[in-house]
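The values are calculated or read from the model by the stated rules, or taken from the named source; none is laboratory data. All values reported here derive from a predicted model rather than from experimental measurement. When we count neighbours, we look across all protein chains shown, and the Cβ atoms used for this are built from the backbone with ideal geometry, even at glycine.
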Amino acid sequence: MSMPAELHELRIFLALADELHFGRAAQRLVLTPSRVSQVIRKLERSLGAPLFERTSRSVRLTAFGEQFLSSVRPAYEQLEEALAGMRELSADLAGEVRVGFTATTDGPVLSQLTEAFQARHPGCRVSMHEVPVCDPYAALRTGEVDVVANWLAVRDADLIKGPAIAYYDRVLAVSQRHRLAGRPSVSLEDLGEETIADPPPSFPAALADALFPLRTPSGRPIRRALVPRSPYEIMAHVARGEIVQLTMIDLTFLQRNDVTLLPVRDLAPMPLGLILARYRPNAGASALAEAARSLPPFRATLPQAQPAR
């Protein structure tokens, strides 16, 4: 083989292999039969072996041609798919990518990601849209947003868990007057004697399991109380000592001087990242995910030695 085949040569070869007729292949490709014949002869010279047996009545693949076809077709189709995706990406990125966020997931980390995306794709505008904490994926499913920044606990078949952009240490929010408030840290087992807020039915089940476990490690049930309408409402009840709440460090709604945050020793940091719609591919959302993968994830930590207020 003197040189690799060019993409247009492979396209003509595949058309002729399908049609086994120079006229029909030329018609399909909007070329002349002589042009098809010329390209096939050039490809055969390049490969060093005939691809077709030609007679006045028929055209058929040689044994070498059959082998070449079985090798080339999957690779060509994969390349065509990739090129089509890139063309779509290029077209979509001239428009807008709509990013959904909740009251618990907006902040400097998300701003850093969108700025990195804009630097990569200056022709594509990012618009930010708040979605409900208790039903964060409804707008994604209806196409009102293209991607959602949320906690990466997902098991819905129609959603794709994208890259993490940050990891947040887990904390227990308690009133300053609470019996646990003076401790340097707590265990999940301590919640066997406490009450936490009950997530509403619309709250994603996988997220509820990750954020608000039903039982302690020893199997004791963790009591549930009111169904809140917002994170701020939860903190109002925490501050009054009516409930405690598992959450993550460094969230805006936690910044109040009547609530103490205690590190939870036996809970892993919670990842924050991007959620995409599996059955509604979007070039802008995919490009935002690529930008996220290019950035080192932020780590929000709380010193174990002392509670934060």
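What's the number of the only condition in (1) surrounded by 19 or more Cβ atoms within 10 Å (Cβ to Cβ); (2) in contact with a strand residue (DSSP E or B) (Cβ under 7 Å, 6 or more places away or on another chain); (3) within 30 Å of Gly143 (Cβ to Cβ); (4) assigned by TED's automatic domain parsing to the domain that holds Val174 that Gly284 fails to meet?
Of everything listed in (1) surrounded by 19 or more Cβ atoms within 10 Å (Cβ to Cβ); (2) in contact with a strand residue (DSSP E or B) (Cβ under 7 Å, 6 or more places away or on another chain); (3) within 30 Å of Gly143 (Cβ to Cβ); (4) assigned by TED's automatic domain parsing to the domain that holds Val174, Gly284 misses just condition (4).
Quick one: in segment 211-225, which of the residues that are more than 14 Å from Asp266 (Cβ to Cβ) and among the aliphatic types (A, V, I, L, M) is surrounded by the most Cβ atoms within 10 Å (Cβ to Cβ)?
It comes out as Leu211.
Among the numbered criteria (1) at positive phi; (2) not assigned by TED's automatic domain parsing to the domain that holds Ala173, which one does Ile275 miss?
(1)
Would you kindly identify the strands (runs of 3 or more DSSP E) lying entirely within segment 149-264 that contain at least 3 residues that are in the same structural domain as Pro281 (by TED's automatic domain parsing)? First the steps, then the outcome.
On the way: elements: 159-168, 170-175, 245-248, 259-263.
Here the list reads 159-168.
For segment 36-55, does any single residue satisfy the condition of being outside any helix (DSSP H, G or I) and in contact with an Asp or Glu (Cβ under 6 Å, 6 or more places away or on another chain)?
yes
Is there any pair linking a residue in segment 279-300 that is more than 23 Å from Thr104 (Cβ to Cβ) to one that is basic (Lys, Arg) and surrounded by fewer than 19 Cβ atoms within 10 Å (Cβ to Cβ), with Cβ under 9 Å and at least six apart or on different chains, and which?
Taking only residues 6 or more apart or on different chains, the pairs are Arg280/Arg141; Ala287/Arg120; Glu290/Arg120; Ser294/Arg120.
Can you work out which of the residues in segment 105-126 that are under 24 Å from Tyr232 (Cβ atoms) and in a loop (DSSP other than H, G, I, E, B) is modelled with the highest pLDDT?
Thr105
Taking segment 11-43, which residues are without any contact (Cβ under 8 Å) to a residue 12 or more places away in the chain and either of a type in the set (Gly, Ala, Ser) or outside the structural domain of Leu61 (by TED's automatic domain parsing) (or both)?
Listed by number, the residues that qualify are Gly23, Ala26, Ser34.
What number of residues within segment 226-245 satisfy the criterion of being surrounded by 13 or more Cβ atoms within 10 Å (Cβ to Cβ) and more than 23 Å from Tyr137 (Cβ to Cβ)?
Adding up the residues that qualify gives 10.
Could you give me the residue pairs with C-beta distances under 9 Å whose first residue belongs to segment 220-249 and is on the phi > 0 side of the Ramachandran plot, whose second residue is of a type in the set (Val, Ile, Thr) wherever it lies, and which are 6+ apart or on separate chains?
Gly241/Val174
So Arg155 ticks every box in (1) loosely packed, with under 15 Cβ neighbours inside 10 Å; (2) modelled with pLDDT of 95 or more but one. Which box is left unticked?
(2)
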